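Participant: Structure in structure tokens, see below.
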Amino acid sequence: MEDRKHRGRTGRSSGGRAAKQAKRSTPLTKGVPYITRKVPVYEILDEEGLSLIENNAETILQEIGVEFRGDAEALQMWKTAGADIDGERVRIPKGLCKKLI
């Protein structure tokens, strides 16, 4: 009779019940480690540049405005807030956007 310990296995050898449970409980993938930022923070605009952009944006909103097509509720809200309404075009006076934000 052949000894069971020394017999070569030809079939599956997935382990017992505990091994199968351990295999199911381990995550399939490991989490990605956090990325450390090595690039320094740059100040793209100084205060003067930001002020220039805000001023130009307010000029565009006041002189050209924004159209709200088919949105009577939005038009009414802008009118209540103090904007000038001309049909579906809303012209927003300088300072109103900052005040609303």
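The values are calculated or read from the model by the stated rules, or taken from the named source; none is laboratory data. Predicted, not measured: the structure shown is a model, and the values here were computed from it. When we count neighbours, we look across all protein chains shown, and the Cβ atoms used for this are built from the backbone with ideal geometry, even at glycine.
Participant: Condition test on residue 44, is it among the β-branched types (Val, Ile, Thr), within 30 Å of residue 96 (Cα to Cα) and within 29 Å of the chain's Cα centre (by Cα)? Write out each step before concluding.
Facilitator: Working: among the β-branched types (Val, Ile, Thr): yes; within 30 Å of residue 96 (Cα to Cα): yes; within 29 Å of the chain's Cα centre (by Cα): yes.
Yes: the conditions hold for residue 44.
Participant: List pairs: first in the stretch 55-75 and of a type in the set (Lys, Arg), second at pLDDT 95 or above and not in a helix (DSSP H, G or I), Cβ under 8 Å, 6+ apart or cross-chain?
Facilitator: Going by the 8 Å Cβ cut-off, the qualifying pairs are 69/88.
Participant: Has the stretch 42-63 got at least one residue that is surrounded by 13 or more Cβ atoms within 10 Å (Cβ to Cβ), within 13 Å of residue 89 (Cβ to Cβ) and of a type outside the set (A, V, I, L, M)?
Facilitator: yes
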